[in-house]
Amino acid sequence: MTGRRLAAVTILLIGTAAPAPARRAPSDRALVVAVYPSARLVPSNLLRIYVEFSSPMQSDWAPTRVQLLDDEGRRVERAFLEIDEELWDPARRRLTMLFDPGRVKRGIRSNVEMGAPLIEGHRYLIVVDSGWPDARGVPLARTFSHELVVGPFDGTSPDPRRWTLSAPRAGTRDPLVVRFDEPLDHALATRLITVLNESGTRVGGNTRLSTGDAEWVFTPASPWRVGAAHLHVSASLEDLAGNSVAREFDSDLKHGGRSVERESRADVVLVVPVR
């Protein structure tokens, strides 16, 4: 009797299909963490966006997985610059996408014939499709959408002299907070603004942006010392429209097509008292 039961069980196991491979739980799948600029209101000549992921991603998927939709849900064709090699950070977690400069910059043939990708007064959605595979080949956990509200054309360079700085107290690790005169490029602002001590040595610490990329917050690794901190601002720092501290993005057109290299401004250093 026992032998018959074992035989029956054996036959049952042989006839059973192999279990389906376990699906990855959504919590184990990559996500779009953010799209920058984080501010909803952007200039009509917005130059670039950043798509930040929680995990390393596969490249060469942006043309089919990132769309710009207008306020009627239609895809804006050829909005982004087509390049042979996508612009990833070394960890392959942040992708830089440029709006076609030929359409953004006034007076260029593409701008005249096709118009700018973004039109003032309109709303757009940047949609990152969930079909984008991460480095393991696993699709994103969900589709991500980010709304843009388009404001006026921005043809003015950021001016550090118009920024508002908080003075931290000596002996503390209170953050140094800088409020810009306008939102700045997220990646450049985290990299091209640094703090130096009185001897010119860079002060270590953590930097982040807040308030729609209009506020820069620096927390030192060690307590502040009495004296003066120096906020070094690179002339290459840009706003959302690609206007740098050195010069406007449309500077050649502004000056009648003449080179304006000689008019470019230098790096800026702002003194922050620490008491």
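If only residues of the stretch 159-200 that are of a type in the set (S, T, N, Q) and either assigned by TED's automatic domain parsing to the domain that holds Ser38 or assigned to a loop (DSSP other than H, G, I, E, B) (or both) are counted, the one that is surrounded by the most Cβ atoms within 10 Å (Cβ to Cβ) is Asn197. The residue of the stretch 201-216 that is surrounded by the fewest Cβ atoms within 10 Å (Cβ to Cβ), among those that are in contact with a Leu (Cβ under 7 Å, 6 or more places away or on another chain) and part of a strand (DSSP E or B), is Arg202. Quickly run through the stretch 143-155 and pick out the residues that are surrounded by 13 or more Cβ atoms within 10 Å (Cβ to Cβ) and assigned to a loop (DSSP other than H, G, I, E, B). If the condition is that a residue be surrounded by 13 or more Cβ atoms within 10 Å (Cβ to Cβ) and assigned to a loop (DSSP other than H, G, I, E, B), then Thr143, Phe153, Asp154, Gly155 are the ones that fit. Screening Val127 with (1) among the β-branched types (Val, Ile, Thr); (2) free of Cβ contacts under 8 Å to residues at least 24 places away in the same chain; (3) part of a strand (DSSP E or B) gives one miss only, at (2). Scanning the stretch 23-38 for residues that are surrounded by fewer than 18 Cβ atoms within 10 Å (Cβ to Cβ), touching a Ser or Thr at 6+ places or on another chain (Cβ under 9 Å), basic (Lys, Arg) and at pLDDT below 95 turns up nothing. The condition of being at pLDDT 95 or above and over 15 Å from the mean Cα position of the chain (by Cα) holds for only one of Gly151, Gly115, Gly107, Gly102, that being Gly151.
The values are calculated or read from the model by the stated rules, or taken from the named source; none is laboratory data. Predicted model only: the values in this text are computed from it and were never measured. Cβ sites come from the backbone with ideal geometry, for glycine too, and all protein chains shown count toward neighbours.
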